[in-house]
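Single-structure report; data block below.
What follows draws every value from the coordinates through simple rules; no lab data is involved. Only a predicted model underlies this, so the values are computations on that prediction, with no experimental measurement involved. Positions of Cβ are backbone-derived with ideal geometry, glycine not excepted, and every protein chain shown enters the neighbour counts.
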Amino acid sequence: MDFIEKQKIIILGSTGSIGKQTLNVCRRLNFEIEALTCSGNIELLLEQIKEFKPKKVGVADQEAATRLSELLEELDGPVPEVLGGEQGIVEIAKLKCDKLVVAIIGFSALQPLIAAIKEKRTIALANKETIVSTGKYVLNLAKQYGAKIYPIDSEPSAIWQCLAGQTDRPSKVWLTASGGPFLNYTRDQFATITIADALAHPVWSMGNKITIDSSTMLNKGLELIEICRLFDLSGDQVEVLVHPQSIIHSMVGFVDGSVIAQMGLPDMELPIQYALTYGTRRAMPDKPKLNLAELGKLTFQAPDFEKFPGLRLAYEAQAEDGAMPAVLNAANEIAVDAFVNNQISYLNIVEIVENTMKQFRSHDLLKKEDITNILKADQWARVYAEKLIEQVV
Ligand code: MG
């Protein structure tokens with residue numbers, strides 16, 4: 001494919017961690033920013049507007065959108081049009097561009113994503129919840145409309161890079177995990193974990209939701225389901241491998257025993273840039289380079305399913321399929337939110353996910369795969385998880 005030197009980019013969720021790192025990539029490559037959106041952080045969005053001069057911006061929170069419009073009146077020169085509310089984000093997702101980056105967290109990315117697919121866009125997707133929850137629906141829709149979906153999370157990107165140019169399907173994939181901040185905690189120590197502890201990730205710099213998910217290893221669980229969907233793998237073909245240095249971002253194995261790994265310093269800008277410039281690689285002169293001799297060694301260990309039961313739940317949800325991955329994801333979103341808001345303890349997060357999944361096993365939506373029923377299952381799980389939280393409080 002032809003590489004477009006001066007691309008037009010839209011970023012949904014530009015004030016979050018991935019959004020900001022995507023803007024760094026765009027700054028490096030001198031890409032044009034067509035439009036930006038955020039949920040409510042208009043102070044940062046205003047700074048981004050001044051630097052990147054997008055034609056349109058979207059703010060999901062309607063009140064914040066109105067305030068942004070007022071602030072923009074004070075600026076000299078042309079200002080972007082402001083679209084407010086969830087529908088505003090969907091409208092931005094439909095705009096013409098070379099790459100649409102979906103960096104919105106959680107399930108709220110679904111409607112904008114569907115809108116962009118129907119416009120046949122090339123989508124760089126950081127959001128894993130939509131792929132996890134809606135099963136093959138989103139991917140089939142993309143196929144049907146001829147939209148392209150490129151992963152920009154480091155592990156799916158690693159697998160994508162390892163498979164580039166391969167004619168054979170992988171027989172196995174190793175999904176690497178840093179292990180998070182509590183890798184070496186004892187079971188007793190888990191009961192004492194505070195919000196501040198859980199938000200301090202040893203390797204990756206990420207947003208709050210994903211940092212908590214990474215500490216429970218449910219992030220790895222969601223990735224397990226995500227890569228099974230993206231690369232058409234079964235759960236038993238994927239082995240989670242704890243690799244604290246986070247240099248190998250995942251590996252693929254073939255029938256002859258050959259294993260290909262993708263390595264690099266842990267920095268999200270690499271997978272983001274790989275997706276934005278797909279078909280060619282561009283230099284990152286401002287970034288340090290991997291020095292293996294200096295590192296000395298890379299270590300690996302099997303994950304501890306006793307200490308990180310969230311990982312077991314993800315394997316179960318993947319095997320059960322249907323609406324179960326959506327239920328796991330929804331219960332987790334609600335539980336993480338309650339933990340960050342001091343409503344429940346750290347150990348409650350995975351308990352709530354597990355109990356919601358248990359309850360769902362007797363639900364008649366269990367084996368339904370169509371989008372309407374998956375959305376119903378998602379809603380059911382949110383309500384049920386909220387009920388469990390009320391019982392904890
Ligand atoms: Mg990841």
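For the reader, a short list of remarks on this structure follows.
- Kirkwood Rh, angstrom, the stretch 77-126 [1 / mean 1/r, Cα pairs]: 11.4 Å
- Here, the stretch 321-393 is characterised by an Rg to Rh ratio of 0.99, where Rg is the alpha-carbon radius of gyration and Rh the Kirkwood radius.
- Ratio Rg/Rh [Cα only; Rh per Kirkwood] for the stretch 160-283: 1.00
- Report note on the peptides 145-154, 163-172, 63-72: ranked by the mean count of other C-beta atoms within 10 Å, highest first, their order is 145-154, 63-72, 163-172.
- log₁₀ of I(q)/I(0) at q = 0.09, 0.15 Å⁻¹ - the chain, Debye sum with one point per alpha carbon: -0.52, -1.50
- Sequence of M357, M217, M263 once ranked by neighbouring C-beta atoms within 10 Å, starting from the fewest: M263, M357, M217
- Across the chain, Cα pairs under 8 Å and at least six residues apart give a relative contact order of 15 percent.
- Extending 7 Å from the Cα toward the beta-carbon at both E294 and R312 defines two label points whose distance is 4.1 nm.
- Projected label distance in nm at N341 and E86, using a 7 Å step from Cα toward the beta-carbon: 1.6 nm
- Förster radius 25 Å - calculated FRET efficiency between D364 and K118 (Cβ-Cβ, nearest 0.05): 0.25
- Cα gyration tensor shape of the stretch 213-357, rounded if a/c is under 1.5, else prolate or oblate by comparing a/b with b/c: prolate
- Relative to the Cα centre, the charge distribution of the chain, modelled as +1 at Lys and Arg Cβ and -1 at Asp and Glu Cβ, gives a dipole magnitude of about 940 debye.
- The Rg/Rh ratio of the stretch 56-165, with Rg taken over Cα atoms and Rh as the Kirkwood radius over Cα pairs, comes to 1.05.
- Length released on extending from R281 to L72, taking residue separation times 0.36 nm less the Cα-Cα span: 71.6 nm
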